[in-house]
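Encoded as structure tokens, the structure appears first; notes follow it.
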There are 2 protein chains.
Amino acid sequence: MDEFLQAAIDEAKQGLVEGGIPIGSVLVIDGKIVARGHNKRVQQGSAVLHAEMDCLENAGRLTAADYQKATLYSTLSPCDMCSGAILLYGIPKVVVGENVTFQGPEAYVQSRGVEVTVVDNHECKQLMHDFIAAKPQLWNEDIGE
Amino acid sequence: MDEFLQAAIDEAKQGLVEGGIPIGSVLVIDGKIVARGHNKRVQQGSAVLHAEMDCLENAGRLTAADYQKATLYSTLSPCDMCSGAILLYGIPKVVVGENVTFQGPEAYVQSRGVEVTVVDNHECKQLMHDFIAAKPQLWNEDIGE
């Protein structure tokens, strides 16, 4: 198991412990995790802090040169908003735990030059499967449905 | 002048007073402003709170039915991230103060079914012109350049 994806899964699990939606993310630059995040819809009543957004926010204000060396890990395929953040900052690589539960605009992101790698990790899928079975309305809210 | 665009401009000016980037936004549902926001990069050291994101965050957790009746106003053309948030939540209408200083992926957003109206407002342009002349590096950071 990729240690960075494992760190993103750990974030997802932390979100679950907090009563939140179990999606996690880490930002890696030069082989080191510079920020971690997880979905904060429940915990902070947030409409914008998806895991990837929380991670980017926790990373703080970075330079374009920083982002251009970065890889963003997420346990779930980034939605339109999170994909847009990846494009805004020119993050060149995204590693996705799974895209079976939900698939964001991966083809569009790739067409804009981003390398997207989908791992198809069982634990990522299981976390979401169990969560959506338990709280379908919360999940729908998180993806605008 | 559209009262809602004026409210977004007022938000932009508030941001400037705070030492921030002068971009403002309001969210309108059923003819009423339900949330206001402005860019918080400087004020909160935020990488994700562009004006539109701050506005959506201030609106709190809304239902899909709420978003589907909404119009998002922004003094400046929404970037990839903010456009992605619009797509995520299915906001059907966006009113843009100007897209001369910066233009986000308007054609893509339109291709996904969003109605985008560009007002080409002089005050919106002047605010950004003066700000970028004074603080070009801050502006570049905000758009990932």
Treating only the Cβ of Lys, Arg, Asp and Glu as charged (+1, +1, -1, -1), what charge dipole size does chain B show about its Cα centre? Round to the nearest 20 debye. 280
Please turn the phi angles of the range B:38-44 into ³J(HN,Hα) values with the Karplus equation 6.51 cos²θ - 1.76 cosθ + 1.60 (θ = phi - 60°), one per residue in order, whole Hz, x for glycine and proline. 8, 3, 10, 4, 6, 4, 10
Given charges at beta-carbon only (K, R positive; D, E negative), |dipole| of the protein assembly as shown in Debye: 180
Going toward the positive end of the dipole of the protein assembly as shown, with +1 on Lys and Arg Cβ and -1 on Asp and Glu Cβ, which of B:I23, B:Q44, A:L138 do you reach last? B:Q44
Nearest-0.05 FRET efficiency for A:Q43 and B:V118 at R0 = 35 Å, using Cβ-Cβ distance, is 0.40
Between A:D2 and A:F102, 0.36 nm times their residue separation minus their Cα-Cα distance comes to what? 33.9 nm
HN-Hα J couplings of the range A:8-15 from phi, Karplus 6.51/-1.76/1.60, θ = phi - 60°, integer Hz, Gly and Pro as x? 5, 5, 4, 4, 4, 5, 4, x
Bounding extents of chain A in its principal axis frame from Cα atoms, largest first in Å, are 41, 30, 28
Have a look at A:A59, A:A51, A:A12 and tell me which one the Gaussian network model of chain A (Cα, springs below 10 Å) gives the largest fluctuation. A:A59
Taking Cα atoms, the helix B:80-89 axis meets the longest principal axis of chain B at an angle in degrees (rounded to 10) of 20
Could you tell me the distance between the Cα centroids of the range A:96-121 and the range B:22-98, to the nearest Å? 25
Answer with one residue from A:G60, A:A85, A:T75: the one whose Cα lies farthest towards the positive end of the charge dipole of the range A:1-106, charges on Cβ with Lys, Arg +1 and Asp, Glu -1. A:G60
Restricting things to Cα coordinates, could you compute the convex hull volume per residue of the protein assembly as shown in Å³? 111
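Can you give the calculated 222 nm mean residue ellipticity of chain A, where each DSSP H run of n ≥ 4 adds -39,500 (n - 2.57) and the sum is split over every residue, rounded to the nearest 500 deg cm²/dmol?
Value at 222 nm, helices only, nearest 500: -13000 deg cm²/dmol.
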0 to 90° range, to nearest 10: angle between helix A:122-134 axis and chain A longest Cα axis: 40
Rounded, prolate or oblate for the range B:106-145? Axes are the square roots of the Cα gyration tensor eigenvalues, ordered a ≥ b ≥ c, and the cut-off for rounded is a/c under 1.5. oblate
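Rule-based calculations on the coordinates, nothing more; no lab input. Predicted model only: the values in this text are computed from it and were never measured. Neighbour counts run over all protein chains shown; Cβ positions are idealised from the backbone, glycine included.
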